[in-house]
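Single-structure report; data block below.
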Amino acid sequence: MTPGSSTPAPGGKPGNADQPLRVAIIGAGPAGFYAADHLLKQDDLNVEVDMFDRLPTPFGLVRHGVAPDHPKIKNVTKVFDRTAQNPKFRFFGNVTCGQHLTPADFRSYYHQIVYTVGAQTDRALGIPGEDLQGSHSATEFVAWYNGHPHYRDLKFDLSQPTVAVVGVGNVAVDVARILCRTVDELKETDIADYALEALAKSKVKQVVMLGRRGPAQAAFSFPELKELGKMDDAQVRVLPEEAELDDLTKKHLSETPDATAQKKVDLLQELAAAPDAGKSRDLAIRFLVSPTHITEKDGRVAGVDIVHNELYETDNGTMRPRATEKAEHFDCGLIFRSVGYLGVPLEGVPFHAKWGVIPNEKGRVTEEESHEPIVGTYCAGWIKRGPTGLIGTNKGDAIETVQCMLEDVKVGNVLKPEHPTADAAEQFIRQRQPAFFSYDHWRSLDEHEINLGKEAGRPRVKLTTVDSMLEALGK
């Protein structure tokens with residue numbers, strides 16, 4: 001039997017006083033914390049959880065994805081903080097899977113491994129001009145203004161008067177709203193200092209969001225849409241003809257009423273009828289249009305060709321857009337793509353490239369060809385199901401995965417690590433990455449950032465490089 005073999009452990013099962021169930025969670029976002037919390041709440045099982053993240057800081061997209069002007073959403077970290085206070089929980093930040101530790105390493109020290117690494121890249125549009133200078137993913141921009149260390153050095157040409165945002169989901173709305181906020185509004189947030197400085201000099205006057213379906217099918221939430229009407233110096237504009245519902249949508253809503261969709265439509269029609277408020281920036285939301293070509297001048301984005309769409313009903317009753325012969329063009333110097341996220345593969349872990357997820361059955365990772373579950377290996381969150389839902393959606397998703405883990409423990413279907421102790425794992429991690437961050441390190445850094453914020457009259461001033469984080473802790 002080789003160390004860390006994926007063969008069910010014979011005889012005694014881990015999870016008792018003499019041998020705790022040792023679990024490694026790779027990824028410190030919401031899915032990882034929800035999984036840890038459910039594991040640690042098992043009264044009849046002695047569990048120890050070690051959580052790993054490539055960044056020194058925990059909380060994933062709550063820190064680096066939630067818009068800075070949405071502080072209430074970030075309050076969920078208080079729940080995660082309570083989980084982290086459990087003496088059987090440890091955090092190892094600044095540790096990269098595939099660099100400092102490998103899946104084989106985890107199998108040598110843990111009975112079960114859970115991958116909760118999220119979806120770290122974006123879907124492509126697949127149109128000409130997508131790779132021009134001035135064409136960016138929304139993922140990059142969001143990470144940049146939120147102070148993600150891996151994205152802080154990106155540059156965005158905010159001297160352009162018109163910006164296109166492809167997509168009408170909540171992330172697209174966040175991007176558009178941040179571009180339209182005044183510097184005084186942004187000063188009240190924890191937006192990265194360098195982003196605040198760049199946005200203070202912004203020459204952006206118009207943001208155009210492009211949605212390929214109609215107003216009733218828009219993916220943004222009602223609260224996100226409603227918030228757009230409350231910006232200090234930006235007005236939302238909707239073309240009256242694009243706010244009107246087509247006959248097929250009217251039929252669907254009459255047969256299957258959708259109160260949320262109707263609320264969004266009603267508000268969009270109100271916005272379409274609103275008089276000019278005389279504000280300095282415009283946010284236009286377009287519907288039933290798709291970009292077909294990003295045009296260029298001197299090697300950079302100069303405009304977008306768009307085609308108008310119509311909705312049709314598929315055989316299974318869903319509504320899909322298709323292109324018509326009507327087309328138009330508008331000039332813009334900057335474009336952000338926001339049409340969905342994709343997971344990225346981890347070396348040594350199965351991956352479904354087309355779907356951008358780890359192949360699994362209810363969270364049990366499966367072999368790519370045989371589709372058989374891999375003993376002791378699980379996933380949760382976006383890398384499990386794809387980028388759907390809100391932060392809280394990850395709770396039920398993580399619990400489903402943990403239930404499978406608990407079922408496997410009961411029958412002894414776990415890994416048989418050679419070194420199944422907390423001390424052995426920590427010693428090994430120290431050898432591979434001496435500069436790891438513990439949760440106590442994070443709490444010290446958290447306090448430091450909040451104190452910097454108090455000095456600046458802001459809720460927090462984020463440190464945005466790993467070196468500055470290490471320096472703040474004297475590491």
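Results, tabulated for the structure shown:
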{"read-out": "Tensor-based shape of the stretch 335-442 (alpha-carbon gyration tensor, a/c under 1.5 rounded, otherwise prolate or oblate)", "value": "oblate"}
{"read-out": "Lys, Arg +1 and Asp, Glu -1 on Cβ, resulting dipole of the chain about Cα centre, debye, nearest 20", "value": "600 debye"}
{"read-out": "Estimated FRET transfer efficiency when R0 is 51 angstrom, pair Ile399-Ser280 (beta carbons, to 0.05)", "value": "0.60"}
{"read-out": "Estimated FRET transfer efficiency when R0 is 45 angstrom, pair Thr292-His371 (beta carbons, to 0.05)", "value": "0.75"}
{"read-out": "Entries of Lys74/Lys203; Lys155/Lys297; Lys72/Lys454 with Cα pairs more than 23 Å apart", "value": "Lys74/Lys203"}
{"read-out": "FRET E, pair Ala323, Ala200, Förster distance 56 Å, beta-carbon r, rounded to 0.05", "value": "0.90"}
{"read-out": "Only Lys, Arg (+1) and Asp, Glu (-1) charged, at Cβ; the stretch 23-181 dipole about Cα centre in debye", "value": "400 debye"}
{"read-out": "Least to most buried among Asp315, Asp131 (fewest other Cβ within 10 Å first)", "value": "Asp315, Asp131"}
{"read-out": "Share antiparallel - DSSP beta bridges, the chain, percent rounded to 5", "value": "40 percent"}
{"read-out": "Debye, to nearest 20: dipole size of the stretch 123-340, +1 on Lys, Arg Cβ, -1 on Asp, Glu Cβ", "value": "180 debye"}
{"read-out": "Charge dipole (the stretch 123-340, unit charges on Cβ, about Cα centre) - positive-most of Leu132, Leu268, Gly211", "value": "Leu132"}
{"read-out": "Rounded to whole Hz, the Karplus (6.51, -1.76, 1.60) HN-Hα couplings of the stretch 115-128, x for glycine and proline", "value": "9, 10, 8, x, 10, 9, 9, 10, 7, 7, 7, x, 10, x"}
{"read-out": "Theoretical gain in end-to-end length, Lys263 to Ala472 [0.36 nm per residue, Cα-Cα removed]", "value": "70.5 nm"}
{"read-out": "Cα lying deepest toward the dipole's positive end in the chain, options Thr388, Ala195, Leu248, charges on Cβ", "value": "Ala195"}
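Throughout, read-outs are computed from the coordinates displayed, never taken from laboratory work. From a predicted model like this one, the values you see are computed outputs, not experimental measurements. Note that we place each Cβ from the backbone using ideal geometry, even for glycine, and neighbour counts take in every protein chain shown.
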